[in-house]
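The values are calculated or read from the model by the stated rules, or taken from the named source; none is laboratory data. Computed from a predicted structure; not experimentally measured. So basically every Cβ, Gly included, is an ideal-geometry build from the backbone, and we count neighbours across all protein chains shown.
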Amino acid sequence: MPARSVPATSLLAALIRSSWCPRRAAQICDNVPMSKFSTDYHRALEVLADCPDGCPVAMMIAQGFTVETLCALVGAGLATAKPVRMVAGGRPVRAARVYVTEAGQAELDR
């Protein structure tokens with residue numbers, strides 16, 4: 001059975017809710033194929049490795065990474081996403097920070 005495509009908005013929501021609903025986020029992120037370790041994945045891991053406090057998903061997207069790339073890294077266990085609460089426009093919002101895992105660091109060290 002071929003993997004169905006998941007809309008980017010669902011993937012982003014899964015990253016943001018990852019701690020509130022980790023099983024569902026993992027299921028959605030696992031559906032994103034990581035067929036080969038591309039330069040985008042490597043570059044994303046390098047950026048994450050340089051951020052010991054993690055990088056906000058919005059910052060990663062602003063640097064040109066797609067939500068699919070971030071979800072593929074999370075699904076492969078090379079990165080993890082943790083929710084954070086922020087205030088934007090005077091209103092509390094949920095966001096996510098993405099961190100490199102030990103497996104992701106090991107992949108970079110190869």
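For P33, the stated conditions do not hold, so it cannot be described as at pLDDT 85 or above and on the phi < 0 side of the Ramachandran plot. For the stretch 10-21, the count of residues that are surrounded by 16 or more Cβ atoms within 10 Å (Cβ to Cβ), out of contact with any Asp or Glu (no Cβ under 7 Å at 6 or more places or on another chain), at pLDDT 90 or above and not in a helix (DSSP H, G or I) is zero. Return yes when A88 is surrounded by fewer than 21 Cβ atoms within 10 Å (Cβ to Cβ), touching a Pro at 6+ places or on another chain (Cβ under 9 Å) and modelled with pLDDT under 90 and no when it is not. No, not satisfied.
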